[in-house]
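> One structure is given below, represented as structure tokens, and several questions about it will come after.
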Amino acid sequence: MAPTTKSTGKNIEAETALQAVVLADSFNERFRPITLDMPRCLLPLCNTPLIEYTLECLAVAGVQEVYILCRAHSEKIKNYISTSKWNRSHSPFKIIPIVTPEARSIGDVLRELDAKQLISSDFILISGDVVSNIHLDKILDAHRTRKNIDKNLIMTMVVKEASPFHRTRSLGESSIFVLDGKTQECVHYESAELYPHKRNMIMDMEVFEKHSNVQIRNDFVDCQIDICSIEVLALFTENFDYQDIRKDFVYGILTSDLLGKTIYCHIVKDAYAARVRDLQTYDAISKDVLSRWTYPIVPDSNLQEGDSYEYMRGQIYKEQNVSLSRSCVLGEKVIIGSGTEIAENVKITNSVIGRRVNIGPNVKIDGAYIWDNVTINANCSISRSILANNVVLEENVIVNKGCLLSYNVIIGPKITLPSYTKLTRHKQNLDYDDYDTKDKEDKEINQLLHAQNIKLVKDNQKDDSYDLSNLSFTDDESTASVISEGSSDEESDSDEPSNLEIFSKEVAQTVERAFSEGHTIEIASLELNTLRMASNTSFRDTRIVVIPSILNQINTDKLLASTKDVLTRWGPLIGKLVHSKDDQTDALFTLQKYCAKTDINSKIFAPSLRTLYEIDVIEEDAILEWYYDERSKGGVGKPEIYSKIHDVVYFDSTLLILAL
């Protein structure tokens, strides 16, 4: 008989292969139109794909199995992995790409992973656009130690201590962590986006009764690195409301009285960790890499096979086979890839130059990111912009700050691109259509483009900007928002009710019961999701019934006050049914169709839109998309009410159109 041995939980964890889950999709559009051609995790940062930094961090931690969860451009991700060093026999871990084509959020991705039953123990959950030199093995040990003490521990979030204005913090996103000062247990989490600005935070007083030393911290950079137990995946499966890891999952766990689970923070002070969330952090992290704050993850470490960077004085990195003229000037923080040729009287500062780039004479480049195979002809000027692969600038082109030129775009000659211009060869649809085809400036720029199928994708911006909270609404009839005529639903020829009709009736009854019994948003959402899944219907089918049901609660005799009260109370239920910008836009069409039924209802639209915006159910991008969709003018609702919109609010480089 074999001798019996006793093993601690820690030893069992040590014997199990260490697994990591990489989220290759961000489920936002901050790098569009570039990400129309390439997934964000494969975009180059200092001439190295972002995912290489993430995988290098996992390799140092001793990870043995890596699951890459991808949706958009999944074939490109799989092809990259199959030809990279990580697919060689000497690779420290095995990579398994998992394609989730139907996923619409991170929550959906993690639910699909749970269904496959691939994770067997505690694992590392990390975004595919993280740059870090943290030793995760030490954080894993600390997590396991805490878990031996606190059996309810399911997650450790890695955060880096930094000032609220640190360069690697996204200007549009911030988080408030409430911690136990002794144990670093996170007892409350609050997302604090810049727009709309939050002025208060609600916490349960029991937090202060249970924890004598409470710290409220907003000086953390969320690294998007988590150590998770397998229970995390199960909780995502059990709660379809969980779409975002922080805003939904962490907040939901910490505010739940039933689950009894705990989450901790691991505070990093000396190491480097940051996520490329947007263009601002892309620029900041690129500068940090060139300044060697990320050491040993620096260009001359030559992370990819075939890299040959050498570090030179002045934080300049140059690969082999680079041709520099004698009169060109290289300033600090410059990296140049192999095969690049730079002509006379060129000045380059604070910039990344990719491979096989051809730069003509008298060119000035400052703070720009020039990717592979770009051609820049004579007398061009580029400032703080991104030029993707195969872009061509003809002679005398000026690219002002904030421009994004996507793959294969050709500009010029003698063109000046306004700041924050975005150009792509893709035909634009709902996401990136020309905001105003009658706009003279846009027409002139489109006429100057080489190829007819290049479309202008532009963040319009003016000097005057207004906070949405300053917009006022009155009971005057002039406040009626845009409403346009909609086509009626097709009637069924059959006397028997369809499955959708039965579902709609049950949804209406569920919502009415929630109103009468005063259910919480969580309970009402759980009942609706259960009903939706049992009926095999979509979120859209649910929204079509829920939104009118909520609006029917508004007292039109006290329109403004009642609209605000009803939507502040029940608007978050609509938020549980929208998981993307397209969902938000569709919800606006449902709102518009309801408000178009009567003149009284038409007055509800504007205050409803404002309230839904203030409570974070509808975002400005969705309002834009709805406004410029032809259906909002004539396909749904009353077109004559649409014409009453007359005020254009410029908000954070994005147009918002609202009725006054």
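Quick note: the coordinates plus some simple rules give every number you see, no bench work behind them. Treat the numbers as computed from the prediction; the structure is a model and nothing was measured. Glycine gets a Cβ as well: all are built from the backbone with ideal geometry, and neighbour counts include every protein chain shown.
> At R0 = 51 Å, how high is the FRET efficiency between Glu305 and Met201 if r is their beta carbon distance? Nearest 0.05 is fine. Before the final figure, lay out the partial values.
Details: r = 49 Å, r/R0 = 0.95.
That gives a FRET efficiency of 0.55.
> Counting other C-beta atoms within 10 Å, which of Ser562, Ser229 has the fewest, and how do the rest follow? Each step should come with its number before you reach the end.
Values: Ser562 16, Ser229 20.
Fewest-to-most Cβ neighbours within 10 Å comes out as Ser562, Ser229.
> With a ≥ b ≥ c taken as the square roots of the eigenvalues of the C-alpha gyration tensor of region 65-144, please select rounded if a/c is under 1.5 and otherwise prolate if a/b is larger than b/c or oblate if it is not?
oblate
> Next question, about the same structure. How much net charge surrounds Lys347 when only the other residues with a Cβ under 12 Å from the Cβ of Lys347 are counted, with Lys and Arg +1 and Asp and Glu -1?
Counting the neighbours of Lys347, the net charge comes to -1.
> Here's another thing I want to ask about it. What number, in percent, do you get for the relative contact order of region 493-561 if the mean sequence gap of Cα pairs under 8 Å and at least 6 apart is divided by its residue count?
Values: 29 pairs, mean separation 26.8, N = 69.
In percent, rounded to a whole number, it is 39.
> Right, here's the next one. Would you mind calculating the gained length between Asn408 and Arg167 on full extension (0.36 nm times residue separation, minus the Cα-Cα distance), in nm to one decimal?
Roughly 83.7 nm would be gained on extension.
> Further question on the same structure: Count the net charge of all other residues whose Cβ sits under 10 Å from the Cβ of Cys380, scoring Lys and Arg as +1 and Asp and Glu as -1. Working shown, then result.
Details: positive: Lys364; negative: Glu394, Glu395.
Every neighbour counted, the sum reads -1.
> In what order do Trp626, Trp570 fall by count of nearby beta-carbon atoms within 10 Å, going from fewest to most?
Fewest-to-most ranking of Trp626, Trp570: Trp570, Trp626.
> Please compute the modelled spin-label separation between Glu29 and Tyr295, points set 7 Å along Cα→Cβ, answer in nm with one decimal.
Result for the modelled spin labels: 4.3 nm.
> Let me ask you something else. Between Phe515 and Thr375, what FRET efficiency comes out of the Förster formula 1/(1 + (r/R0)^6) with R0 = 60 Å and r the beta carbon distance, rounded to 0.05? Walk me through the intermediate numbers first.
Numbers: r = 63 Å, r/R0 = 1.05.
After rounding to 0.05, the efficiency reads 0.45.
> Counting only other residues whose beta carbon sits under 12 Å from that of Arg88, what net charge do I get with K and R as +1, D and E as -1?
Result for the neighbourhood of Arg88: +1.
> So how do His579, His266 line up by other beta-carbon neighbours within 10 Å, fewest first? Numbers along the way, then the final one.
Numbers: His579 18, His266 22.
So the residues, fewest neighbours to most, are His579, His266.
> Quick one: in region 16-279, what % of C-alpha pairs are over 34 Å apart?
Counting every Cα pair in region 16-279, those more than 34 Å apart make up 14 percent.
> Please identify every one of the GluC sites (Glu not before Pro) in region 557-635 that sits in a loop by DSSP and has no more than 14 other beta carbons within 10 Å of its own beta carbon.
Glu630
> Set the Förster radius R0 to 22 Å, insert the Cβ-Cβ distance between Lys116 and Lys78 as r into 1/(1 + (r/R0)^6), and round the FRET efficiency to 0.05.
0.85
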